[in-house]
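**Student:** One structure, pasted below without further comment.
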Amino acid sequence: MEHSTNLEEAPRPSSFDAHNPPSKELLSDCVHCGFCLPACPTYVLWGEEMDSPRGRIYMIAKASQGEAPLDHNFRQHMDNCLGCMACMTACPSGVQYDKLIEDTRPQVERHIPRASADSAFRKFLFAIFPFARRLRLMALPMLVYQRTGLQKVVRASGLLKLVPKRLAMMEALLPTVPNSLFHKLPSFTASVGKGPRVGMLTGCVQQVFFQHVNEATLRVLSAEGYEVVIPPQQSCCGALMMHGGMEEEARSMARKMIAVFEKENVDYIVINAAGCGSTMKEYGHLLREDPVWADRAKIFSAKCRDISEILLMRKSQTPRNPISLRVAYQDACHLRHAQGVYAEPRSLLRDIPKLDLAEIGEANLCCGSAGVYNLLHPQPATELGDRKVENLLAAKAQALISANPGCLLQLQAGLRRRGMEQVPMFHMVELIDASIRGISAEELLQRQI
Ligand code: SF4
Ligand code: SF4
């Protein structure tokens, strides 16, 4: 009978709900060529099609057509994705995987319940890490743990092998807690060279554990003639929430961030943490359906610049002093792949006389940090971390450089596993700061500024 044929042909409803589902148009951009497979860290580790970008896009498309359920298997493959965006750099068809995965994750959170232990651990992470004040409070007992020598005892005792892997990873990633935990940077630094007025993001993990990087950033901006505003009301950019599929929380944080910097009337917003930068440049997409904030978000995102981008916008105002050092530079995925910032940090480092910049093998492969991926997926993150450290050490450098706090922590943990924690590590901006201030390589290695 004819009407039964019509029923069979009726399109199935999507497995996604109607709230910002992954775009069918963007899904159709993928031509399944597979060029992205060797760039994908999970495919490199496991060789599984469904843990490759092409496999994930296929699964999302099937769910979008209502031909695959949103179940635990679907969630597993989406969870396994580091969000490193190496697939985007590798893709010749310009597939916007970032938008696809970012729109898929909230659907996963809404429709596929998690086991209670997994859910509790995630809630804990998202209740602490995006809040600098809470991070500081949590860092206080850690300060005692480290300064009393208890950390050394615990690490040597083998006790950490008995605790859940995620907790052990958290301990392994703990950086040296600075003494000046509550130190704040000035909210305004006047320009000495009539440069643009820039707002500086202090970050969450960055401002608590890497204050020295923020201090170096401010010194460099100031030396280069920028007027720097650091609004004390700024909070988290929402990167962790976005990567965790917590869309509403991410949106709310984005709105707050936009409002804070709008008041300051800055020409640019400078970011020295790759993950934060890539998120803030995506506010336009995140708030695209918000009638009040969509345009403001676009304007805000257009002003965001990584520190390496901003420093190359104008001719340098300060001479660079030599640093006789061989360094290996590790690309942060959220800088290289998500923001396309690859040449800029290299160019700035090469401007430092006598600095020997080494390229490393598998430079496009993620180190396994990826926001809180290393805490949620310790096993693959450790394998990727070890692989990255091996590549860095093969460059026979005297120091390792990155431009993201998460990568620095991940590499530090990897070095420690090899008993090589003495290898010095710096944020890229620290080298520029040292060069401007005339700090020699010897001093630099001693100070680890
Ligand atoms: S994402 Fe790009 S590179 Fe990967 S299979 Fe699709 S079209 Fe090819
Ligand atoms: S974002 Fe990274 S881990 Fe995820 S599919 Fe792309 S390359 Fe693979």
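**Student:** Determine the gain in length on full extension of the stretch GLN422-MET313; use 0.36 nm per residue of separation and subtract their C-alpha separation, reporting nm with one decimal.
**Tutor:** Separation in residues times 0.36 nm, less the Cα-Cα distance, equals 35.7 nm.
**Student:** Give the angle, between 0 and 90 degrees and rounded to the nearest 10, that separates the Cα long axis of helix 211-223 from the longest principal axis of the Cα atoms of the chain.
**Tutor:** Its long axis makes an angle of about 70 degrees.
**Student:** Hey, rough spin-label estimate for GLN151 and ASN321, points 7 angstrom out along Cα→Cβ, what's it come to in nanometres?
**Tutor:** Result for the modelled spin labels: 3.0 nm.
**Student:** When all alpha-carbon pairs of region 109-166 are counted, what percent fall beyond 19 Å? Numbers along the way, then the final one.
**Tutor:** Working: 871 of 1653 pairs.
Value for region 109-166 (Cα pairs over 19 Å): 53 percent.
**Student:** Please give the Cα centre distance for region 102-142 versus region 190-207, rounded to the nearest Å.
**Tutor:** Here the two parts' Cα centres lie 29 Å apart.
**Student:** A further question on this structure: When the Cα centres of region 270-284 and region 357-375 are compared, how far apart do they sit, in Å?
**Tutor:** Comparing the Cα centres of region 270-284 and region 357-375, I get a distance of 18 Å.
**Student:** Next question, about the same structure. What number in nm² do you get for region 403-447 if you take the convex hull of its Cα atoms and divide its surface by four?
**Tutor:** Values: hull surface 12.8 nm².
It is 3.2 nm².
**Student:** Okay, next question. For LEU445 and GLU215, what is the calculated FRET efficiency with R₀ set at 22 Å and r taken between the beta-carbons, to the nearest 0.05? All intermediate terms of the calculation are to be shown ahead of the outcome.
**Tutor:** Working: r = 19 Å, r/R0 = 0.84.
So, using R0 = 22 Å, E works out to roughly 0.75.
**Student:** Assigning unit charges at the beta carbon (Lys, Arg +1; Asp, Glu -1) and nothing else, what dipole magnitude in debye, to the nearest 20, does region 1-151 show about its Cα centre?
**Tutor:** Rounded to the nearest 20 debye, it is 1180 debye.
**Student:** In region 392-441, which trypsin sites (Lys or Arg not before Pro) are in a loop and have at most 14 other Cβ atoms within 10 Å, using DSSP for the loop call?
**Tutor:** When the trypsin sites (Lys or Arg not before Pro) of region 392-441 are filtered for loop state and at most 14 Cβ neighbours within 10 Å, LYS396, ARG418 remain.
**Student:** In addition: For region 277-352, what are the per-bin percents of Cα-Cα distances with bins 10 Å wide, up to the bin holding the maximum?
**Tutor:** P(r) over region 277-352, rounded to whole percents: 17, 37, 28, 13, 5, 0.
**Student:** Still on this model: Please compute the length gained on full extension between HIS32 and HIS19, using 0.36 nm multiplied by the number of residues separating them and subtracting their Cα-Cα distance.
**Tutor:** Working it through step by step, the gained length comes to 2.0 nm.
**Student:** Here's something else I'd like to know. So what is Rg over Rh here for region 319-449, counting just Cα atoms and using Kirkwood for Rh?
**Tutor:** 0.96
**Student:** Would you mind calculating the relative contact order of region 140-259 from Cα pairs under 8 angstrom and at least 6 residues apart, reporting the percent as a whole number?
**Tutor:** Worked out over region 140-259, it gives 22 percent.
**Student:** Nearest 500 deg cm²/dmol is fine: what mean residue ellipticity at 222 nm does the chain get from its DSSP H runs of n ≥ 4 alone, each adding -39,500 (n - 2.57), divided by its residue count? Present the calculation step by step, with values, prior to reporting the outcome.
**Tutor:** Values: 26 runs with 236 residues, N = 449.
Computed mean residue ellipticity for the chain: -15000 deg cm²/dmol.
**Student:** OK, next. Over the alpha-carbon set of the chain, divide Rg by the Kirkwood Rh and report the Rg/Rh ratio to two decimals.
**Tutor:** Using Cα coordinates only, the ratio equals 0.98.
**Student:** Setting aside same-chain residues fewer than 8 positions from LYS396, which lysines have a Cα under 18 Å from its Cα?
**Tutor:** Cα-Cα hits under 18 Å: LYS354, LYS388.
**Student:** Order by neighbour count: MET138, MET170, MET200, fewest other Cβ atoms within 10 Å first, most last.
**Tutor:** Working: MET138 14, MET170 18, MET200 27.
With the fewest neighbours first, MET138, MET170, MET200 line up as MET138, MET170, MET200.
**Student:** Amide H to amide H, which residues 5 or more places from ILE269 or on other chains are under 5 Å from it, using H placed in the peptide plane?
**Tutor:** So ILE269 has HN proximity to GLY199, CYS304, ARG305.
**Student:** OK, next. How about region 300-355: which trypsin sites (Lys or Arg not before Pro) there are in a DSSP loop, with at most 14 other Cβ atoms within 10 Å of their Cβ?
**Tutor:** Details: sites: LYS303, ARG305, ARG314, LYS315, ARG320, ARG326, ARG336, ARG346, ARG350, LYS354; in loops: ARG314, LYS315, ARG320, LYS354.
In loop regions of region 300-355 (DSSP not H, G, I, E or B), the sparsely surrounded trypsin sites (Lys or Arg not before Pro) are ARG314, LYS315, LYS354.
Rule-based calculations on the coordinates, nothing more; no lab input. As the structure is a computational prediction, the values presented were derived from the model and not from experiment. Methodologically, a virtual Cβ is constructed for each residue, glycine included, from the backbone with ideal geometry; neighbour enumeration extends over all protein chains shown.
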